[in-house]
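Report on the structure given below.
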Amino acid sequence: MLSKLSKPGRGACMPVKIAPSLMCANLLDLKRDIEQLERAKVDLFHIDVMDGHFVPNLALSFELAEKIGRSTSVPLDLHLMVERPEDFIEPVRRIKPAYVSFHVESTQNPIRLARAFKALGVEVGVALNPSTPVQALTYLIDELDYVLVMTVEPGYAGQKFIPQVVHKIQTVRAMLDATRANRALEVDGNLNAEWARQCVASGASILVAGTSSLFRDGADLCAACQEFRHRIEGRPEQRVWNFFTDNSQQFFAGRWSSTRGKWRVRYTENEMCLITAGKVQLVSDAGSRHIFGPGDAFVIPSGFAGSWEVIEDCVKVYAIFESRVPLHKPSVE
Ligand code: DX5
Ligand code: ZN
């Protein structure tokens, strides 16, 4: 359970949950991936069910969702991308997910359906496509336990995040808090650490983690999950600068702060850091140990594996750039 994550300035703090999207897992070795994620103590398993009509794709089936539900103690988060979701109340009853969401664009009677799912004793939510205005929630929101804001158009993993949705998350958070506080706000689609941080700062409390945060070829999912947590923990970013030089390369910079803590880390990009306050210690699996304090600048190369420890509450300014950029500055090894 993510203990330290919080969202300052939004009333009661809500712990932020990570929900790996199992459609992105290695479906030929799903049990192994599930076990690795269980070891990382993930909060939910995000299960995408598609019908080839509401979205032009097929992902996981109700039958497989039922089998997954019987094989793990991790609660399920069912995301229905189907036309007429009201035709699928029975399979949802059999699967007994903790959460079920359907798309407001997929049914004529969302209030009747929300109540039908609610009667099954599950948390019910409505998903909004990126271009669907928040007004679609106006007369519906009181029936809901949470809202899922899509940050990509539904149907495929590995798409690019749609930045204009960040503002929509803030509006939905305000709508949720205006009527009944502490309701979850889920975001789904291309959530790498930076976008996840911006979504949390805007009011998101459930993060669907897919190909841009966890499921990379051969990745150790337990370590990848801990690194994802490490990158979104601490106080939300006050400033994130995104520099898109071109479609093939992304360059992020930001400010990160945290209280004392220790995390296992594995870097998949290069990160340039400047410590502006506090003290941190990096210990690599290779055995090298580095302590950095105010004014120290260093580069953590992609591939670094070890631990990151905040010895004194720290603030760092950092820049992340893709691993193929050659390193000039001395780095930790
Ligand atoms: C897309 C699904 C997502 C998807 C996320 O329609 O709803 O859950 O699996 O995968 P990424 O994070 O790669 O976009
Ligand atoms: Zn989904």
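Observations on the structure shown:
- Extreme residue, farthest from ligand 2 (Cβ to nearest atom), among residues of region 133-187 that are charged (D, E, K, R) and outside any helix (DSSP H, G or I): Arg180
- Identity of the residue in region 188-205, surrounded by 24 or more Cβ atoms within 10 Å (Cβ to Cβ) and not in a helix (DSSP H, G or I), that ends up nearest to ligand 2 (Cβ to nearest atom): Asp188
- The sole residue among Leu140, Leu120, Leu185, Leu148 that is surrounded by 19 or more Cβ atoms within 10 Å (Cβ to Cβ) and in contact with a helix residue (DSSP H, G or I) (Cβ under 7 Å, 6 or more places away or on another chain) is Leu185.
- In region 137-184, residue nearest to Val82 (Cα to Cα) [restricted to those that are more than 16 Å from ligand 1 (Cβ to nearest atom) and touching a residue at least 60 places away in the same chain (Cβ under 8 Å)]: Arg173
- Test: residue in region 55-62 that is touching a Leu at 6+ places or on another chain (Cβ under 8 Å), under 20 Å from Gly210 (Cβ atoms) and assigned by TED's automatic domain parsing to the domain that holds Asp217: yes
- Screening Ile34, Ile47 for residues that are within 16 Å of ligand 2 (Cβ to nearest atom) and open to solvent by less than 80 Å² (accessible area, probe 1.4 Å) leaves exactly one candidate, Ile47.
- Residue in region 81-97 that is open to solvent by 20 Å² or more (accessible area, probe 1.4 Å) and within 14 Å of ligand 2 (Cβ to nearest atom) present: no
- For region 76-88, the criterion of being part of a loop (DSSP other than H, G, I, E, B) and away from ligand 1 (no atom under 16 Å from the Cβ) is satisfied by at least one residue.
- The residue of region 201-221 that is farthest from Asp48 (Cα to Cα), among those that are touching an Asp or Glu at 6+ places or on another chain (Cβ under 9 Å) and either more than 13 Å from ligand 1 (Cβ to nearest atom) or free of Cβ contacts under 8 Å to residues at least 12 places away in the same chain (or both), is Ala201.
- Scanning region 14-31 for residues that are open to solvent by 60 Å² or more (accessible area, probe 1.4 Å) and of a type in the set (Lys, Arg) gives a single hit, Lys31.
- Scanning region 271-312 for residues that are in a strand (DSSP E or B) and of a type in the set (Asp, Glu) gives Glu271, Glu309, Glu312.
- For the residues Arg266, Arg289, the requirement of being at pLDDT below 85, open to solvent by 60 Å² or more (accessible area, probe 1.4 Å) and not hydroxyl-bearing (Ser, Thr, Tyr) singles out Arg266.
The values are calculated or read from the model by the stated rules, or taken from the named source; none is laboratory data. Owing to the predicted nature of the structure, the values given are computational and were not obtained by experimental measurement. Neighbour counts are summed over all protein chains in view; Cβ atoms, including those assigned to glycine, are modelled from backbone coordinates with ideal geometry. Ligands, DNA and RNA are excluded from the accessible area calculation, which covers all protein heavy atoms including side chains. Shrake-Rupley method; radii C 1.70, N 1.55, O 1.52, S 1.80 Å.
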